[in-house]
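Below: the structure, in structure tokens.
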Amino acid sequence: MSTTSSMPKSRAPDVGAPSSRAVLFDLDGTVVDTAPDLAGAANDMRARRGLAARPIDAMAPMCSYGGRGMLAAAFDIAPGAPDYDAMYDEFITTYAQRMTRASYPYTGMRALLTDLADDGVRWGIVTNKPERLAVPLIAHLAFEPAPGCVIGGDTAGVAKPDPAPILLACERMEVAPTDCIYVGDSDRDIAAGQAAGMPTIAACYGYIPPDESPADWPAERHVESIAALGEAIQSLWKSY
């Protein structure tokens, strides 16, 4: 897993597919490397308490769990701990103030999305990140083409692994679930995509906690890079 991102310098592999299809992505750890700002917000909280910063790389594997994961990584606390709710609210506020400071698409992601668009394939975001955070982050990054939808963890009233957010994305983009692929870096993503009736790709380059093994996730494809992701999308189009 890499927590260092930069703008892509090369074109991603061709992912030719019919125009009736779409690729839906998780956000953090799949499309955008948000670890510097997520971990940065947690370290800002530590600084307020006179504590030394923890390394971003050490906290990054927990980024997939959002604020809950960052509080666990930075303070070794879980829901139910004293003052947990107040600390969670503090984290969300702190993160919102800095979430565009050092978060960038993974190298090659913009090129991949351009290739999808060139082939008439649309894309969208389905994340467990609250909509009030996901929408402005995506807007700030100014993807071209823009996603067809941004579904947050609270948009559908339930979050992944429930398939409802993914099905809502299909509804808003007017595409059948069977004509979509879902890509994510957690077992929740794979479970949600498959429950929604679409093939899935495990983004093993993302935020994987040390006690989890993506090889055990029942995704149709497992990839270690954006280049491999483009190839996996192309392969799945041919299989379905």
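The values are calculated or read from the model by the stated rules, or taken from the named source; none is laboratory data. All values reported here derive from a predicted model rather than from experimental measurement. Cβ sites come from the backbone with ideal geometry, for glycine too, and all protein chains shown count toward neighbours.
Those helices (runs of 4 or more DSSP H) of the range 149-240 in which 1 or more residues are over 16 Å from Ile125 (Cα atoms) occupy 187-195, 226-239. Among the conditions (1) of a type outside the set (A, V, I, L, M, F, W, C); (2) surrounded by fewer than 20 Cβ atoms within 10 Å (Cβ to Cβ); (3) within 17 Å of the chain's Cα centre (by Cα); (4) modelled with pLDDT of 95 or more, Thr4 misses just one, which is (4). Among the conditions (1) in a helix (DSSP H, G or I); (2) crowded, with 20+ Cβ neighbours inside 10 Å, Asn128 misses just one, which is (1).
Filtered by the rule that a residue be surrounded by 18 or more Cβ atoms within 10 Å (Cβ to Cβ) and either of a type in the set (Val, Ile, Thr) or outside the structural domain of Glu224 (by TED's automatic domain parsing) (or both), the range 153-183 gives Thr155, Ile166, Val175, Ile181, Val183.
Taking the conditions exactly as written (in the same structural domain as Ala191 (by TED's automatic domain parsing), surrounded by fewer than 15 Cβ atoms within 10 Å (Cβ to Cβ) and either at pLDDT below 95 or in contact with a helix residue (DSSP H, G or I) (Cβ under 9 Å, 6 or more places away or on another chain) (or both)), does Ala139 satisfy them or not? Against the criterion (in the same structural domain as Ala191 (by TED's automatic domain parsing), surrounded by fewer than 15 Cβ atoms within 10 Å (Cβ to Cβ) and either at pLDDT below 95 or in contact with a helix residue (DSSP H, G or I) (Cβ under 9 Å, 6 or more places away or on another chain) (or both)), Ala139 does not qualify.
Residues that are within 13 Å of the chain's Cα centre (by Cα) and either more than 18 Å from Tyr182 (Cβ to Cβ) or assigned by TED's automatic domain parsing to the domain that holds Asp26 (or both) do not occur anywhere in the range 111-118.
Within the range 197-220, does at least one residue satisfy the condition of being under 16 Å from Ile151 (Cβ atoms) and of a type outside the set (Val, Ile, Thr)? Looking through the range 197-220, at least one residue is under 16 Å from Ile151 (Cβ atoms) and of a type outside the set (Val, Ile, Thr). When Asp119 is tested against (1) at pLDDT 95 or above; (2) out of contact with any helix residue (DSSP H, G or I) (no Cβ under 8 Å at 6 or more places or on another chain), only condition (1) is not met.
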